[in-house]
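Student: Starting off with a structure, shown below.
The values are calculated or read from the model by the stated rules, or taken from the named source; none is laboratory data. If you're wondering where the values come from, they're calculated on a predicted model, not measured in any experiment. Cβ placement follows ideal geometry from the backbone for every residue including glycine, while neighbour counts extend to all protein chains displayed. Just so you know, the surface numbers come from the protein's heavy atoms only, side chains and all, with ligands and any DNA or RNA stripped out. Shrake-Rupley method; radii C 1.70, N 1.55, O 1.52, S 1.80 Å.
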Amino acid sequence: MPSYDSNNIFAKILRGELPCYRVYEDDKAFAFLDIMPRAPGHTLVLPKAPARNILDITPDDLAHVAKVAQKIAQAAIKAFGADGITVQQFNEGAGGQVVFHLHVHIVPRKAGIPMKPPASAKEKPEVLAEQAKALAAAIAAG
Ligand code: AMP
């Protein structure tokens, strides 16, 4: 497998070199909105430690990302009035991965509404800002 490349776009977001719509942060994990959401509120959860994907992340970091993914899924149900949550996580190009810093997709779902195709449309900045605020508040409220 290739090794971790610290120039990937999510590493730059983690270092604060690129902007994002942050919804959650702790000492080991970071979460922000996907700018090309497959449904409103689509969020990405990342470990802060460098890891390309599930094949090289430490078990402890993976377990922490899973805990944060659950926290965000529970908050997304409240923040977006979702009926369900789709969780996705891709590994290597053959597995559908495009950005090579491990991330878990949390996609809030409404009954009967299909997800958009991946990376099909960029959401408006003001919509993302509002959604990030709502989701961050729901996470903080527990
Ligand atoms: P994948 O590696 O296949 O899990 O997909 C990468 C995801 O990152 C896609 O859903 C993109 O829409 C999303 N994405 C790409 N660039 C950014 C960015 N700058 N901020 C937030 N999400 C992004």
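Student: If the requirement is being open to solvent by less than 30 Å² (accessible area, probe 1.4 Å) and out of contact with any Phe, Trp or Tyr (no Cβ under 7 Å at 6 or more places or on another chain), which of these qualifies: His101, His42? Outline the logic, then answer.
Tutor: On the way: His101 fails: out of contact with any Phe, Trp or Tyr (no Cβ under 7 Å at 6 or more places or on another chain).
Every option except His42 fails the conditions.
Student: Given the conditions (1) away from the ligand (no atom under 15 Å from the Cβ); (2) surrounded by fewer than 16 Cβ atoms within 10 Å (Cβ to Cβ), which single one is not true for Glu17?
Tutor: Status for Glu17: all satisfied but (1).
Student: Shifting gears a bit: Tell me, please, whether a residue that is in contact (Cβ under 8 Å) with a residue 60 or more places away in the chain, open to solvent by 20 Å² or more (accessible area, probe 1.4 Å) and within 16 Å of the ligand (Cβ to nearest atom) can be found in the stretch 79-95.
Tutor: yes
Student: So, one more: Using the structure shown, decide if Ala51 is modelled with pLDDT of 95 or more, in contact with a Leu (Cβ under 7 Å, 6 or more places away or on another chain) and more than 16 Å from Phe32 (Cβ to Cβ).
Tutor: Working: modelled with pLDDT of 95 or more: yes; in contact with a Leu (Cβ under 7 Å, 6 or more places away or on another chain): yes; more than 16 Å from Phe32 (Cβ to Cβ): yes.
Criteria met by Ala51.
Student: Also: Read through the list (1) touching a residue at least 12 places away in the same chain (Cβ under 8 Å); (2) among the aliphatic types (A, V, I, L, M); (3) touching a strand residue (DSSP E or B) at 6+ places or on another chain (Cβ under 9 Å), then give the number of the only condition that Ile54 fails.
Tutor: Of the numbered conditions (1) touching a residue at least 12 places away in the same chain (Cβ under 8 Å); (2) among the aliphatic types (A, V, I, L, M); (3) touching a strand residue (DSSP E or B) at 6+ places or on another chain (Cβ under 9 Å), the odd one out for Ile54 is (3).
Student: Now, a different point. Just to verify a result, which residue in the stretch 48-69, among those that are touching a Phe, Trp or Tyr at 6+ places or on another chain (Cβ under 8 Å) and open to solvent by less than 40 Å² (accessible area, probe 1.4 Å), is nearest to the ligand (Cβ to nearest atom)?
Tutor: Asn53
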